[in-house]
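Heads up: the structure comes next, in structure tokens.
The values are calculated or read from the model by the stated rules, or taken from the named source; none is laboratory data. Since the structure is predicted, the reported quantities are computational estimates derived from the model, not experimental observations. Ideal geometry is used to build each Cβ from the backbone, glycine not excepted, and the neighbour counts take in all protein chains shown. Surface areas here come from the heavy atoms of the whole protein model, side chains and all, with no ligands, DNA or RNA. Shrake-Rupley method; radii C 1.70, N 1.55, O 1.52, S 1.80 Å.
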Amino acid sequence: MTRLVDGGLIDRSRTLSFAFDGKSFTGHPGDTLASALLANGVRLMGRSFKYHRPRGVVTAGSEEPNALVELRTGARREPNTRATTVELYDGLEAASQNRWPSLDVDVLSVNRLVSPFLGAGFYYKTFMWPAAFWEKLYEPVIRRAAGLGRAPDAPDPDTYEKATAFCDVLVIGSGAAGLAAAQAAGRSGARVILAEEDFRLGGRLLSERAVIDGGSALDFVARAEAELSSLPNVRLMPRTTVFGAYDGSEYGAVERVGDHLPAPLPFQPRQRLWRIVAKRCVLAAGAFDRPIVFPGNDRPGVMSALALATYATRYGAGAGANAAVFSTNDHAVAAALDAAEAGLKLDAIIDVRPALPDALAARAKALGVRVITEGEVVATSGKCLTSITVRTPRGSETLTVEALGVSGGATPNLNLTCHLGGKPVWREDIAAFVPGAVPPGMAVAGAAAGTFALADCLAEGTRLGASAASDAGFAASPAPAPQAEGSPTGFKPFFHVQGKGSAFVDQQNDVTAKDVALAHREGFRAVELLKRYTTLGMATDQGKTSNMAGLALMAELTGKGIPATGTTVFRPPYTPVALGVLAGHHRGIDFKPARPTPTHEWALAQGAVFVETGLWMRAAYFPKPGEKDWLESVNREVKATREAVGVIDVSTFGKIDLQGPDVGVLLDRVYINMFSTLAVGKARYGVMLREDGLVMDDGTTARLADDHYVMTTTTANAAKVYQHLEFCLQVLWPELDVCLASVSEQWAQIAVSGPRSREVLGKIVDGLDVSNAGLPFMGVAQGSVMGGVEARIFRLSFSGELGYEIAVPARHGAALMQALMAAGAPFGITPYGVEALGVMRIEKGHVSGSELNGQTCARDLGLAKMASTKKDYIGRVMAGRPAFADPDRPTLVGFKPVDRAARLRAGAHFLKVGAAATTQNDEGYMTSTAFSPTLGHFIGLGLLKRGPERMGEKVRAYDPVRGGDMEVEVCSPAFIDPQGEKQRV
Amino acid sequence: MRIPCPYCGARSSHEFAYLGDAAPTRPDPSAPDAAEAFHSYVYERDNPAGPMDELWYHSAGCRRWLKVTRDTRTHAITAVAFAGTGEGGR
Amino acid sequence: MSDLLEHIAPTRLVPEGHYGPEGATGVSARAANTSASPLAAATLVARKGATGRLIVACAAAGLPLADAPRSSGGAGLEAVGTGPGRWLVLAEGMSGPDLVARLAGMAQGLAAITDQSDAHLILDICGERARAALEKGVTVDLEPTVFRAGDAATTVVSHVGVTFWQRDGATYRFAVGRSFAPAFLRWLTVSAAEFGFALAGTGRG
């Protein structure tokens, strides 16, 4: 055990049990999985991605590259979880990744022996070998060897939410600068959101022995938190990572609502995705401790110096029985001394500089910590660290230590400033990139901005918090910033120890200093190329700790210097975001809304099988007991409709109410045919084009009064047509006096078709004359049905039979269906679904979505004769293009299989009989097919080159995807009743 | 991205449908060069780097077509007005 | 999908009842246009160039209208701005055709009036935690100093288009397209359940 005797922000009065790789351990509330493992003396936490090298934790935050575990078990198993951010809970189970058979003995660590072959550019070079080698040999081996954790193999049992929050000032990060900014902004009355990735506010202040306003840093954090909690205009969001900055001052964040618990609380999500709309933002995300590249720097026990200190001071966990620190800067030395004061056995501080500041040297002396100046760590040994070799101008020596804290200085955490394209700029005085252009409304405070001294962080946070509030319209009273003692910020830029042995730049991707040199030799010198070639900075940590070292090494090699070398682009998300939380509520059956028709429950009771058409749930067919498949049901429905009467809910059509003196003018301009001349009480089929001359939609529009029409659109295009009409009225012809209203939801509409439909209708109308004379084909009647229910009756036919569509207010839709069923019972009325509807429209040669596919013009569909020559309309000019009049264009015709028993398939391409199946010989394709129970064989509609000229010709229908290849006979698309007599009786 | 709708206020861009450049106007269909003019109207577009007037439709809101001035480099929106009459078309 | 809704068909209204932790009711919702208490609705759309005159005519007939996303009441009607020169008008204790006739009398030919009495589920949502539940889908700022009593919004919530307005300090009234009502209620139920959610007026399922 390496738990320190006392101290730390952990609740030692309570003990939590947990298991790692099946072994039981204990920890305390306030621990992370990483701190609890370290406190239990577990230093080996994972194996590296490529070489399977043993690895330990290197950070105490979300930038962790190494300590990735599979958290939880079963359906909740989550791979690649950073042990450094997992809050310990009782019963936690975690497992190491990427090792076999065990973490301790990993067979594939032999990869290290072949590492010369797995170096930079390995993937690219291997791909150049014979393809067969790749497939049979390399890929299986690599799949086994490389890879991170395993995804769970059962559906995620948890729920997720998405929410939107608005604020005047968003403060990201709750360290010294963030707390000061939130206080300054909060006191002005501005709405403030303070988002903190950690489960506890305070940032580095939780780990450091600083004096603020005369008290401890922890007292300052507690006071600030208490004040902020008391302000009704401030929302504190711990466990919330702001992962992206987006256009329009929007930020994306994930709140881990239940990740610190064994399972989310009842009725609560596991995580919540926040879209935060902020007028202003103060980014106070702190800085990363910069690693130093030296031989053996990846051995478990070697970690960030600030992490080493954090484990000791915040978590009361020693990273080893004894420790040393290898540093380049005062901050790390001070933190190490804090750790020693907290009880960590710190044997030595090895600093690259010739001397430490007097105050730090004196503290070290008082604590009995040896200081080795001008020192560099040149080697390490042990599976987990046992000793280090230190080289100074005075000679070399070996120190026996279990932990080594390393700090090469601070790298400002400026990722979010780059999300809208901002480029960091190099500051020579602090040897670091700092934010350049930042997203509109964002200001950067504290270490993220390159401001490192505590007093300066507090002052900058206060200043920027106040100015953010004032920019958002709140008068911030000029309250003084919290005061802190000066903290030394001396440093020496130092990135890389020269020496023999593997020195790792990116531990997550096993990229070594040698790989960077190889990339340089092979010409991949630009940082973005370096990244792709070596994989440096990729994967779950996105190089938060490694990028800086990588580009410093490249700068060293090219001799260009770091600013000219540049840095790679940071993109969202800042840390990995689960797909589940991006989906939120919209999974499974809630993936999208399911729109029921007014007769849905009735259809369900009839045993209908439903099909999704867009968002709508429509009855596909109504199987009866004894029917062996859907086709048998559909055949019965078609026959019953053609021989007697059938009924179908067509409420899903788009319905648009048009009123005003100019409706006729508008319709003339949007349809290819005339509507201003339509008589009141009549309906007409219309086709509308896009301005490019292709067909947009079709449907029937009826004139209810002089200045009142009602339009129907196809189910799929309801919203699109409405938008188009608004475009015409608002943008193209604003002088037209037309008022639109969507009435798609208001009216239920049921089609009754078949030779007996008039008799059925006659039984439910309230005294309306529905005779052929009283309500002729394409006539419209308004009145009531079922004893007083307002109704509109349109005599239309999609099936080709005598037919009517009856519209009633939606609440009466189900009752209308029941009334029709009762009235039609003597005639054997049969409900039919969209399958039978499709069969009947193909039998009649009516076009539908498969033909109105955005690639066909009116002429292609045989509708050119409908086009009026007496007026202009949208798409008219472009429809006149020579290409659209080319007789070679595939044009709508019907098809019958020559072998009448054969099955036709939509998608088959047409070829001349005997022609080879090449693109040059392609003559069009089949758009729709159905088995026609009326004719007793399959029929099809399709677009065939010069189709109408080729009646009776045999062509080849070639369908290689499904192995179809047959001869079909070209015929009229109207398979039955080509003169349309049945619908007019 | 948020678009300040003159009627509804600032709304998420998800509520809007994008059409594109607001500059082209529908040519006179009876002009002798109508075929060429329509070809240009339908297909030919500039792709400026900088401020551009665009047509957006507030499909999930007030159902007004808007002329939005957006900088194509930064997505900054500097002006929004009702398309067409400038008075919401009513 | 959450366990809460697992046994409820996605095409059905979520049945009335209590969802979430027992004893707590942070959010309540009630369907306002049930078959027992129908509510008439109509769209009122000003004719070309007639918005100003229509507002004057309706005001004279007792119904003040704002050409803005605001709700207003008068003459026993409730009007909500949904777009320039466009309103959704609701009336209790009246049939749709009666409301259309009533509005036609007020508008004096200055507007198109369309019966929409069957087009929506009208849902009143209130409770101490109503805003906390609504922010899980509403992307409009509901802070009381920003969205005040009488304010209205036509927007999209959880992929469903809605118009809603704050009737008084405590209640938001939502008009949801009839066929989208089941999806909307599913979203509302899972969003409000953590606070305790009482749903009424949607039937027993």
Largest-first ordering by accessible area, 1.4 Å probe, given options B:Glu15, A:Glu627, B:Glu36: B:Glu36, A:Glu627, B:Glu15
With the label point 7 Å along the Cα-to-beta-carbon line of A:Leu529 and a cut-off under 13 Å to each amide N, the hits in region A:558-583 are A:558
Simple Cβ-charge dipole of chain A, Lys/Arg +1 and Asp/Glu -1, about Cα centre, in debye nearest 20: 1600 debye
Give me the number: length gained by fully extending A:Gln818 to A:Glu643, i.e. 0.36 nm times residue separation minus the C-alpha to C-alpha distance, one decimal in nm. 60.9 nm
Taking every DSSP beta bridge with both residues inside the protein assembly as shown, roughly what % is antiparallel (nearest 5)? 80 percent
Using r as the Cβ-Cβ distance of A:Asp90 and A:Ala359, and R0 as 56 Å, what FRET efficiency do you calculate, to the nearest 0.05? 0.85
In region C:1-92, which GluC sites (Glu not before Pro) fall in coil by DSSP and have 11 or fewer other Cβ atoms within 10 Å? C:Glu6, C:Glu22
Looking only at lysines whose Cα falls under 20 Å of A:Lys531's and that sit 8 or more positions away or on another chain, we get A:Lys50, A:Lys125, A:Lys423, A:Lys514, A:Lys544, A:Lys560
Quote the accessible area belonging to A:Ser848 in square angstrom, nearest 10, computed with a 1.4 Å probe and with ligands, DNA and RNA left uncounted. 40 Å²
Among the GluC sites (Glu not before Pro) within region A:412-490, which fall in a DSSP loop and have no more than 15 other Cβ atoms within 10 Å of their own Cβ? A:Glu428, A:Glu485
For chain B, what is the relative contact order in percent, using Cα pairs closer than 8 Å and at least 6 residues apart in sequence? 26 percent
In region A:1-85, which trypsin sites (Lys or Arg not before Pro) fall in coil by DSSP and have 16 or fewer other Cβ atoms within 10 Å? A:Arg12, A:Arg14
Which percent of the accessible heavy-atom area of the protein assembly as shown goes to carbon and sulfur, probe 1.4 angstrom? 54 percent
How much accessible area per residue does chain A have, in Å², with a 1.4 Å probe? 37 Å²
Residues whose placed amide H lies under 5 Å from that of A:Phe433, excluding near-sequence neighbours: A:Arg427
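Using a Förster radius of 35 Å, what is the FRET efficiency between B:Arg45 and C:Gln108 based on their Cβ-Cβ separation? Nearest 0.05, please.
Values: r = 45 Å, r/R0 = 1.29.
The computed FRET efficiency comes out at 0.20.
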Extension gain, A:Glu428 back to A:Val985 (0.36 nm per residue minus Cα-Cα distance, nm): 191.4 nm
How large, in Å, is region A:511-589 by the Kirkwood hydrodynamic radius built from its alpha-carbon pairs? 13.9 Å
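Find the relative contact order for chain A and round it to a whole percent, using C-alpha pairs within less than 8 Å whose residues are 6+ positions apart. Write down the numbers at each step before the final one.
Numbers: 2378 pairs, mean separation 88.8, N = 985.
So the answer I get is 9 percent.
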Taking the Kirkwood radius as the inverse of the mean 1/r across Cα pairs, report the Rg/Rh of region C:134-205. 0.95
Accessible-area value, B:His58, 1.4 Å probe, nucleic acids and ligands omitted, Å²: 0 Å²
Express in whole angstrom the spacing between the alpha-carbon centres of region A:650-709 and region A:523-598. 52 Å
Under the rule rounded for a/c under 1.5, else prolate if a/b exceeds b/c, else oblate, using alpha carbon gyration tensor axes a ≥ b ≥ c, region A:886-984 is classed as oblate
Length-normalised contact order for chain C - Cα pairs under 8 Å, 6+ apart - percent: 35 percent
Quick one: if you stick a label point 7 Å off each Cα along the C-beta vector at A:Glu632 and A:Ala917, how many nm between them? 3.3 nm
For the pairing of chain A with chain C, what total accessible surface becomes buried, with a 1.4 angstrom probe, in square angstrom to the nearest 100? 4000 Å²
Kirkwood hydrodynamic radius of chain A, from inverse mean 1/r over distinct Cα pairs, in Å: 33.7 Å
Which value in nm describes the separation of the simple spin-label points at A:Arg587 and A:Ala151, placed 7 Å from the Cα toward the beta carbon? 1.2 nm
For A:Glu485 and A:Glu759, extending 7 Å from Cα along the Cα-Cβ vector and measuring point to point gives, in nm, a value of 10.4 nm
Evaluate E = 1/(1 + (r/R0)^6) for C:Ala101 and A:Leu265, where r is the Cβ-Cβ distance and R0 equals 45 Å; express this FRET efficiency to the nearest 0.05. 0.25
With the full set of protein chains present, the residues of region C:27-75 whose 1.4 Å probe accessible area falls by 40 Å² or more relative to the chain alone are C:Arg47, C:Lys48, C:Pro69
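Which of rounded, prolate or oblate describes region A:654-742 when judged by the alpha-carbon gyration tensor and an a/c cut-off of 1.5?
Since a/c stays below 1.5, the shape of region A:654-742 is classed as rounded.
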Shape call for region A:408-506 from the C-alpha gyration tensor, a ≥ b ≥ c root eigenvalues: rounded (a/c under 1.5), prolate (a/b greater than b/c) or oblate? oblate
Difference of contour (0.36 nm per residue) and Cα-Cα distance, A:Leu518 to A:Arg962: 154.8 nm
